[in-house]
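Reading through the structure tokens given below for one structure.
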Amino acid sequence: MTIQIIDFSRRGLLVGVGAVALAGCKPKPGPEAPSSAVASGPLTLDDAVAGEWRSPQDKARDPWRHPAQSLAFWGVKPGVTVVEFWPGAGWYTDIIAPYLAANDGTYIAADVQATTPAATALASAFKQKLQANPKLYGQVRFTEFGPTSGPVAPAGTADVVLFLRNLHDWMAGDIAEKAFHDAFQALKPGGALGIEAHRAPPGGMQDILAKTGYVQEAYVKQMAKDAGFTFDRASEINANPKDNHDHPFGVWTLPPTRRSAPAGKPPNPGFDHAKYDAIGESDRMTLRFVKPG
């Protein structure tokens, strides 16, 4: 059976996942960090968030994503090794990598597995951006995650692994269980898995393809438990009570995507964005799990 999901949210790529085809429209890449930008260390997380190398467009989303508080909650601190799955254009990378570079840490980017020309181009552009400015980003390590990828890091070496608004993509591609397994293998005993995901209302059946982009918190906890993780704690820092989770084009109706037509169709110039813009970005769960030991 072949299922085609005409939406990959933040991903402009085609990923062959067994018998599942996933497609989407390529997101506009953010501006590259100025070649002269340097993170003079040591930095605090607040310093990294305020960094001059971050674009105004990225900084405008800070009130919705609370990056410094979220990273502290997940356990990102000086000297640690962090693996970020599917960093995309690098919204969080522009915070985490300079912070770790200035504080004797290690950043590992487990980018999308390059199984198609689109995926290859996306991963290549991201890698070139970071390698062009080692004074800012440090010596980033590059691995990959996808349907047939190997380890994202040497077993038992990571302090923190991050899944940042990607679970719905992996559920659509039937690789969510693999993501949890690969994260578990990479982490040290006692290491943490941090998750930010669009949160569906509790109750009812979870759509295993997450076609609206929303995932139930209980479903995420069960996937983590099945992989061997222990739930540690949750935070409401990225919650949005204005989000009723019921939008014509799923979570992508809301900012920052602001979709006005079905995926793959031209934007609808007559679509009224006002009430969705008033909601703001999606309601999100912020969870922390621990590898026992």
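We did not get these values from a lab; they are worked out from the coordinates using the rules stated. Keep in mind it's a predicted model, so treat the numbers as computed, not measured. FYI the Cβ positions are ideal-geometry reconstructions off the backbone, even for glycines, and counts take in every protein chain you see.
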The chain, helix-only ellipticity at 222 nm - DSSP H runs n ≥ 4, -39,500 (n - 2.57), divided by all residues, nearest 500: -7500 deg cm²/dmol
Surface/4 estimate of mean projected area, convex hull on alpha-carbon atoms of segment 40-101, nm²: 4.1 nm²
Where N is the number of residues in segment 65-186, Cα Rg divided by 2.2 N^0.38 Å: 1.00
Beta bridge orientation in the chain: antiparallel %, DSSP, nearest 5: 35 percent
Across Lys188/Lys225; Lys188/Lys221; Lys211/Lys242; Lys59/Lys275; Lys127/Lys211; Lys135/Lys178, pairs whose alpha-carbon gap is larger than 26 Å: Lys127/Lys211; Lys135/Lys178
Isotropic mean projected area of the C-alpha convex hull, the chain (nm²): 14.5 nm²
Extension gain (nm, one decimal) between Arg258 and Ala50, 0.36 nm per residue minus Cα-Cα: 72.3 nm
Separation of the Ala125 and Thr157 label points, Cα + 7 Å toward Cβ, nm: 2.9 nm
